[in-house]
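K.L.:
Quick one: this structure, given as structure tokens, is what I'll be asking you about.
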Amino acid sequence: MYSRIPYGMQTINHLDEQAILEVLRSDWLTTGPKVSEFENAFANFCGAKEAIAVCNGTAALHAAMASLEIQKNDEVIVPAMTFAATANAAVYVGAKPVFADVQEDTLLIDPADVERKITSRTRAIVGVDYAGQPCDYSALRAIADRHNVSLIADACHAPGASYQGKSVGTLADITTFSFHPVKHLTTAEGGMITTHSKSLASKMRCFRNHGITTDHAQRESRGEFYYEMQSLGYNYRLSDLQCALGISQLKRLPEWVEKRQSIAALYDISFQNTSIQPLLKRAEREHVYHLYVVKVPEREMVFQALRAKNIYCNVHYLPVYLHPYYQNSGYRGTHCPIAEAVYKNILSLPIYPSLSGSEQKYVIEAVLNATEQ
Ligand SMILES: *Cc1c(COP(=O)(O)O)cnc(C)c1O
């Protein structure tokens, strides 16, 4: 028996360690040269014009909302099936998250329900590339354009993914990423925002640095001391130590995506003709499998059976509005029937680049046993 097989796990090697050590021995631990180096590398990777590094994926979403000047009395449509941070970011700026249901076979936001939830107060739609599969960007773009609202992509699950040949990171007005250790690449904590808009990018750069319009390095190179805080911002910066780790990790992302896809393919084959139902992968989308989610009968029992074998699965997610905070903030009447029904059956199985063939075989056998195939 293995001692612990988690559902997700970072991959760190000696090159990562070396990259961090070099920064630690340099003059710049934060707001130094590694920040723009990481931003440029990430922008190139996605094909986006601008990339802004921030301290986590939640700060990225907050900066996106703030740069679009979303505020009190505004509404932001988010999927019910996502991490709470997607909705919380709207709350941070005083706006109201409005939950749209998801499609049963993919758990991606349902454009038809988005359309139904649009009101005169809607300012933005947030698509989430659930599990690593891009959501339906053509449909969401069309709805956003028709109603003159912004489209934000929460792509925390999907760096490296693409939709109709176009990279995630270029498909919305603003796209956000997370570098938490369970995500595709890690900086321990960290995040990135991509956009094609120079003006949104400059607002978000300002927002991550207290609302101050220049940074320390810019003032030093111009021989100036004077700075101005022109709006209320936050300290949402990502350090040079973390950016160096991110640069090093990003180089290995393509091979990690391939590994995740081959793990997913083996799960797919192993669960054919069983009561274990993987989510659907749609045509014309590159799915990068942050998560491998299956629907199983008696999820509680299966979860416990796997846990007894040291397989630490997880459930992504409780529909956000069912969290007590939202229930106590006026969401008792909210119902997204598909998200609520599907929640009872979903389970995220282990998937990460260093998952070995024998570990995956052990997981597959345990899942088949628990569901009595
Ligand atoms: C991880 C995640 C976030 C938040 O990212 P952090 O870096 O943990 O703040 C937001 N949305 C989704 C969908 C995520 O998976």
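K.L.:
Measure off 7 Å from each Cα along the Cα-to-Cβ vector at Asn44 and Glu104, then give the distance between these two points in nanometres to one decimal.
P.N.:
4.7
K.L.:
Got a number for the accessible area of Asp145? Probe 1.4 Å, square angstrom, nearest 10.
P.N.:
About 100 Å², rounded to the nearest 10.
K.L.:
For region 166-226, state what percent of all Cα-Cα pairs lands in each successive 10 Å bin, counting from 0 Å until the bin that includes the largest distance.
P.N.:
19, 35, 33, 12, 1
K.L.:
Give the ranking of Arg146, Arg208 by solvent-accessible surface, highest area first, calculated with a 1.4 Å probe. Provide the component values of the computation, followed by the final result.
P.N.:
Working: Arg146 150, Arg208 30 Å².
My answer, sorted largest first, is Arg146, Arg208.
K.L.:
Answer rounded, prolate or oblate for the chain, using the Cα gyration tensor with square roots of eigenvalues a ≥ b ≥ c: rounded when a/c is under 1.5, else prolate when a/b is larger than b/c, else oblate.
P.N.:
Values: a/c = 2.02, a/b = 1.27, b/c = 1.59.
The shape class here is oblate.
K.L.:
Rolling a 1.4 angstrom probe over the protein chains, ignoring ligands and nucleic acids, what is the accessible area of Met229 in square angstrom, nearest 10?
P.N.:
Estimated to the nearest 10 Å², Met229 gives 110 Å².
K.L.:
Suppose every K and R has +1 on its Cβ and every D and E has -1 on its Cβ; what is the size of the dipole of region 304-373 about the Cα centre, in Debye to the nearest 20?
P.N.:
Computed charge dipole of region 304-373: roughly 140 debye.
K.L.:
Does region 259-316 classify as rounded, prolate or oblate by the C-alpha gyration tensor (a ≥ b ≥ c root eigenvalues; a/c under 1.5 gives rounded; else a/b over b/c gives prolate, otherwise oblate)? Write out the running numbers ahead of the final one.
P.N.:
On the way: a/c = 2.04, a/b = 1.67, b/c = 1.22.
It is prolate, given that a/c is not under 1.5 and a/b is the larger ratio.
K.L.:
I've got another one for you. To the nearest 0.05, how large is the calculated FRET efficiency for Arg116 and His196 if R₀ is 30 Å and r is the Cβ-Cβ distance?
P.N.:
With a Förster radius of 30 Å, E is 0.55.
K.L.:
At what distance in nm do the modelled label points of Ser275 and Gln230 sit from each other, each positioned 7 Å from its Cα along Cα→Cβ?
P.N.:
6.2
K.L.:
Here's something else I'd like to know. Determine the percent antiparallel among the DSSP beta bridges restricted to the chain, to the nearest 5.
P.N.:
Of the beta bridges lying entirely in the chain, close to 55 percent run antiparallel.
K.L.:
Got a sec? What order do His180, His287 fall in by accessible area at 1.4 Å, biggest, i.e. largest, first?
P.N.:
His180, His287
K.L.:
Let me ask something else. Kindly express, to the nearest 10 degrees and within the range 0 to 90, the angle between helix 240-250's C-alpha long axis and the longest C-alpha principal axis of the chain.
P.N.:
Taking Cα atoms only, the helix is inclined about 50 degrees.
K.L.:
Grab the beta carbon distance between Lys72 and Met1, set R0 = 41 Å, and tell me the FRET efficiency rounded to 0.05. Provide the component values of the computation, followed by the final result.
P.N.:
Values: r = 54 Å, r/R0 = 1.32.
Taking R0 as 41 Å, the efficiency between Lys72 and Met1 is 0.15.
K.L.:
Follow-up question, since we're still on this one. Where a ≥ b ≥ c are the square roots of the eigenvalues of the C-alpha gyration tensor, would you call region 295-348 rounded, which needs a/c under 1.5, or, failing that, prolate if a/b is larger than b/c, or oblate?
P.N.:
prolate
K.L.:
Something else: Let me check the size of region 184-321 from its C-alpha atoms; what are the radius of gyration and Dmax in Å?
P.N.:
Cα only, region 184-321: 22.2, 69 Å (Rg, Dmax).
K.L.:
I'd like the distance separating the alpha-carbon centroids of region 248-286 and region 40-74, in whole Å.
P.N.:
Taking the Cα centre of region 40-74 as reference, the centre of region 248-286 is 27 Å away.
K.L.:
Compute the long axis of helix 33-46 from its Cα atoms, compare it with the longest principal axis of the Cα atoms of the chain, and write down the angle in degrees, 0 to 90, nearest 10.
P.N.:
50
K.L.:
Another question about this same structure. Dipole of region 96-224, Cα-centred, from +1 at each Lys and Arg C-beta and -1 at each Asp and Glu C-beta, to the nearest 20 debye?
P.N.:
600
K.L.:
Which value, in Å² rounded to 10, gives the accessible area of Asp268 with a 1.4 Å probe and all protein chains present?
P.N.:
Its heavy atoms expose roughly 60 Å² to the probe.
K.L.:
So, with +1 on the Cβ of K and R and -1 on the Cβ of D and E, and no other charges, what is the size of the charge dipole of region 254-373 about its Cα centre, to the nearest 20 debye?
P.N.:
Rounded to the nearest 20 debye, it is 220 debye.
K.L.:
Also: Distance in nm between label sites at Tyr92 and Leu29, each 7 Å beyond Cα in the beta-carbon direction?
P.N.:
2.4
K.L.:
Let me ask something additional. Work from the charge dipole of region 244-368 (Cβ charges, +1 for Lys and Arg, -1 for Asp and Glu, about the Cα centre) and give the residue of Gly333, Ala264, Leu291 farthest towards its positive end.
P.N.:
Gly333
K.L.:
As I understand it, the dipole of the chain uses +1 on the Cβ of Lys and Arg and -1 on the Cβ of Asp and Glu, about the Cα centre. Which of Ser197, Ser36, Tyr163 lies farthest toward its positive end?
P.N.:
Among Ser197, Ser36, Tyr163, the one farthest towards the positive end of the dipole of the chain is Ser197.
K.L.:
Angle between the Cα long axis of helix 299-308 and the longest principal axis of the chain, 0 to 90 degrees, nearest 10?
P.N.:
It is inclined by approximately 90 degrees.
K.L.:
How many lysine pairs are close in region 174-324, with Cα atoms under 27 Å apart and the two 8 or more places apart or on different chains?
P.N.:
14
The values are calculated or read from the model by the stated rules, or taken from the named source; none is laboratory data. Keep in mind that this is a model prediction, so the values were computed, not measured. Neighbour counts are summed over all protein chains in view; Cβ atoms, including those assigned to glycine, are modelled from backbone coordinates with ideal geometry. Ligands, DNA and RNA are excluded from the accessible area calculation, which covers all protein heavy atoms including side chains. Shrake-Rupley method; radii C 1.70, N 1.55, O 1.52, S 1.80 Å.
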